[in-house]
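Everything below concerns the one structure shown next.
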Amino acid sequence: MNREDKITLLIKEKYKSVREFSNVSGIPNSTIVSMLKKGLGGTSVDTVLLVCKFLNVSIEEINNTKRQEVSMTADVKELIECYQVCDKDNKEELLMLARLKATKSTTAAGQSQIG
């Protein structure tokens with residue numbers, strides 16, 4: 001479901017029509033209709049924020065950008081601590097090594113599935 005479909009669904013759940021939503025929010029009906037047909041990309045940030053406010057929803061929920069929690073094992077915490085104390089050159093080297101190892105692990109896992 002795209003962002004415009006989510007907004008349409010929320011409007012239908014909370015209001016009788018787009019026109020009613022327009023009247024309650026103070027956003028011109030033509031603006032809402034245009035936003036829903038042409039997409040949020042061309043809509044002003046202020047208008048999108050106002051729509052979210054009246055629908056009682058965050059921009060993240062509309063945009064599906066909520067981050068999922070990542071569990072931090074002791075190894076991951078140690079790796080982050082080591083990275084934080086490195087100078088710029090060592091940070092770059094550490095990142096290159098991590099990427100190399102990750103690529104090798106991914107490739108090896110793919111090969112074991114094929115074979």
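Quick check on this structure: which one of 45, 33 is of a type in the set (A, V, I, L, M), more than 30 Å from residue 101 (Cα to Cα), outside the structural domain of residue 98 (by TED's automatic domain parsing) and touching a helix residue (DSSP H, G or I) at 6+ places or on another chain (Cβ under 7 Å)? Please lay out each step first, then the result.
On the way: 45 fails: touching a helix residue (DSSP H, G or I) at 6+ places or on another chain (Cβ under 7 Å).
Just one listed residue meets the conditions, 33.
Please go through (1) modelled with pLDDT under 90; (2) exposed (fewer than 10 other Cβ atoms within 10 Å of the Cβ); (3) polar (S, T, N, Q) for residue 64 and return the number of the only condition it doesn't satisfy.
(2)
All but one of (1) loosely packed, with under 12 Cβ neighbours inside 10 Å; (2) touching a helix residue (DSSP H, G or I) at 6+ places or on another chain (Cβ under 9 Å); (3) of a type in the set (A, V, I, L, M) hold for residue 85; state the number of the condition that does not hold.
(2)
Determine if the range 63-82 includes at least one residue that is more than 30 Å from residue 98 (Cβ to Cβ) and either out of contact with any strand residue (DSSP E or B) (no Cβ under 9 Å at 6 or more places or on another chain) or among the small types (Gly, Ala, Ser) (or both).
First pass over the range 63-82, keeping only residues more than 30 Å from residue 98 (Cβ to Cβ): none.
No, the range 63-82 has no match at all.
The values are calculated or read from the model by the stated rules, or taken from the named source; none is laboratory data. This is a predicted model, so every value here is computed, not measured. Please note: Cβ atoms are built from the backbone with ideal geometry, for glycine as well, and neighbour counts cover all protein chains shown.
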